[in-house]
Amino acid sequence: MSGASAQSPRGTSAALVREARQRRGMSQRDLARAAGVPQSTVANIEAGRQQPSVAMLERLLTAAGFRLEPRLVNTVRPGELLERHRDRIAELLARYPINRAWVFGSVARGDDRPGSDLDVLIEPAPTASFTDYVGLEDALAELLACPVDIITTNELKSNELLQHRVNRDRRQLEIAS
């Protein structure tokens, strides 16, 4: 194995173990002792010669005084999620007192990326109060597993700059009957 391939990029198990150990000022022997594993295990993991299980990785990081926090990171564009879940979104919107809804921003323009949010403009029914549609943003975010920002047509009336931005690229969403 060449020197270049033995060095692991940041974010790998090897790099995490090495960084945790070094940040605590521990030697490989100290970490091995604290984790109850042979020193050769720590050395092999840090060198990239051994890929630890998640349990072993957690054990080593805990012994160094850290905790692993895995999380899911969205790798799908919100526009793709919108297309994939179009029917479910229409059904969800129908549960709220909304006359019409649109997407705007990067999703409407088609230049969204994974990590982009979904910008939604809603026109509340005339009799609707803020509390009637307050849960919609969270419900859409949960359905799509991406951040969602909602603004109302009432909010647009008082902000000409936002109105111009929204109106130049908005696309209407269907609401189930």
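The values are calculated or read from the model by the stated rules, or taken from the named source; none is laboratory data. Being a predicted model, the structure only gives us computed values, none of them experimental. Cβ atoms come from the backbone with ideal geometry, glycine included; neighbour counts cover every protein chain shown.
The set of residues from region 141-177 being among the basic types (Lys, Arg) and either in contact with a helix residue (DSSP H, G or I) (Cβ under 7 Å, 6 or more places away or on another chain) or assigned to a loop (DSSP other than H, G, I, E, B) (or both) comprises Arg170, Arg171. Restricting region 108-123 to residues that are of a type in the set (A, V, I, L, M, F, W, C) and touching a residue at least 40 places away in the same chain (Cβ under 8 Å) leaves a set whose member that is nearest to Pro78 (Cα to Cα) is Leu118.
Only one of the numbered conditions (1) under 14 Å from Leu140 (Cα atoms); (2) loosely packed, with under 14 Cβ neighbours inside 10 Å; (3) of a type in the set (Gly, Ala, Ser) is not met by Ala90, and that is (2). Considering region 17-30, the residues that are polar (S, T, N, Q) and part of a helix (DSSP H, G or I) include one that is surrounded by the most Cβ atoms within 10 Å (Cβ to Cβ), namely Gln28. Restricting Glu91, Glu123 to those that are among the acidic types (Asp, Glu) and over 15 Å from Arg170 (Cβ atoms) reduces the list to Glu91. The listed residues are Arg88, Arg71, Arg77, and the only one of them that is at pLDDT below 95 and either among the acidic types (Asp, Glu) or under 21 Å from the mean Cα position of the chain (by Cα) (or both) turns out to be Arg71.
Would you mind telling me which numbered condition in (1) closer than 30 Å to Met26 by Cβ; (2) surrounded by fewer than 18 Cβ atoms within 10 Å (Cβ to Cβ) Ser129 fails? It fails just one condition, (1). Can you report the number of residues in region 31-52 which are over 13 Å from Leu16 (Cβ atoms), of a type outside the set (Ser, Thr, Tyr) and loosely packed, with under 14 Cβ neighbours inside 10 Å? Of the residues in region 31-52, 3 are over 13 Å from Leu16 (Cβ atoms), of a type outside the set (Ser, Thr, Tyr) and loosely packed, with under 14 Cβ neighbours inside 10 Å.
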